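The structure appears below as structure tokens.
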Amino acid sequence: MSSYKTINFDIKDQIAYMEFATPDSANAMTSEMAQEMAQVSEICLTNFKLRAIKISGQGKIFCGGGNVKAFNEEGNNLEKYLETMATNLHVAIANFARCKAPVISIVQGFAAGAGLSLVGASDFVVSSDSAKFTLAYSRIGFSPDGSSSYFLPRIIGIRKMMDLMITNRVLSAEEAMDWGLVSRVVPEDSLIEEGQKFVESIAKGATSAIGMAKKLLVSTFEQSLESQMALEHLGIATMSRTADCKEGFKAFIDKRDPIFNGS
């Protein structure tokens, strides 16, 4: 396991594990945490053997948003502090979005502020049935960051996003599921076990094809129909050269489940 101050990071069996490790402060975002996230995301982006990336938080809360106490302590230096923090956080988000390996967030307690931003940027989200979701930026006079104004409107729509941004509405796990924010809701007492099972099941998939699908989705709202189909054309042709594609064909013909190796 790599040594960081605010997060734990490890790679095991081609799965990367990033865990927020400041439970005493609700795993709240600081400039140091954002910097360490950026470093970890770079490792994930350049490790082409990874087949899944799991993001979780120690303790009772996934991520409680920005660390307001740390912000307050910055005094007149707050603007520079926030600029540095946002720069690193956005590097991390961009790197995770462009990783071939899918990103799965496991959410308990609260995903607030930057925590909800990360939920929006994840490819899959497994939530406990007691988890809550809120942006809460305007509650302290902030506007959103962490890609929340990019991914979340694409997931839930402009009207619902406006509701989250302006009223600081708190969503239950059931509401988050209904809105499309989370992929699975499981009982609180089985979150760790069920979350890990889900991560491992995704890691067994055709990772190159998953990576190409991620790439297509990130670009889809900026493309015309014809340009998006051109990207699809290029993508599916490229996938035909992969070992996973060959295994998928063979397994289909042999009437068995495929055993992908991620290449």
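Any chance you could give the angle, 0 to 90 degrees and rounded to 10, that helix 158-167 forms with the longest Cα principal axis of the chain?
30 degrees
So for F71, F221, F260, fewest C-beta neighbours within 10 Å to most, what's the order?
By the 10 Å Cβ count, ascending, the order reads F221, F71, F260.
For V40, what is the net charge nearby, where nearby means another residue's Cβ is under 13 Å from its Cβ and Lys, Arg count +1, Asp, Glu -1?
In short, -3.
Of all the Cα-Cα pairs you can form in the stretch 7-203, what percent are over 27 Å apart?
Pairs farther apart than 27 Å: 22 percent.
Rounded, prolate or oblate: which fits the stretch 149-218, taking a ≥ b ≥ c as square roots of the Cα gyration tensor eigenvalues, rounded meaning a/c under 1.5, else prolate when a/b beats b/c?
Working: a/c = 3.72, a/b = 1.28, b/c = 2.90.
Verdict is oblate for the stretch 149-218.
Based on the Cβ-Cβ distance from E73 to I43, what FRET efficiency comes out when R0 is 30 Å, to the nearest 0.05?
On the way: r = 30 Å, r/R0 = 0.99.
My answer for the efficiency is 0.50.
Give me the extension gain from F142 to A86: residue separation times 0.36 nm, minus the current Cα-Cα distance, reported in nm with one decimal.
Answer, rounded to one decimal: 18.9 nm.
What fraction of the DSSP beta bridges in the stretch 7-203 is antiparallel, stated in percent and rounded to the nearest 5?
30 percent
For a footprinting-style exposure proxy, rank I7, I93, I156 by other Cβ within 10 Å, fewest first.
Going from sparsest to densest Cβ surroundings: I156, I7, I93.
Rounded to the nearest 10 degrees, what's the angle between the helix 191-203 long axis and the longest principal axis of the chain, both from Cα atoms, 0 to 90?
40 degrees
Specify the angular offset, from 0 to 90 degrees and rounded to the nearest 10, of the alpha carbon long axis of helix 225-239 from the longest principal axis of the alpha carbons in the chain.
Relative to the chain, helix 225-239 is tipped by roughly 60 degrees.
At K246 and M229, where each label point lies 7 Å from the Cα along Cα→Cβ, what is the point-to-point distance in nanometres?
Here the modelled spin labels are 3.2 nm apart.
Could you give the distance between the Cα centres of the stretch 214-229 and the stretch 20-70, to the whole Å?
29 Å
For the stretch 7-203, what is the relative contact order in percent, using Cα pairs closer than 8 Å and at least 6 residues apart in sequence?
Working: 407 pairs, mean separation 39.9, N = 197.
Result for the stretch 7-203 is 20 percent.
Values in this text are rule-based calculations from the coordinates and carry no lab data. Computed from a predicted model, the values in this text were never measured in an experiment. All Cβ positions, glycine included, derive from the backbone under ideal geometry; neighbour counts span all protein chains shown.
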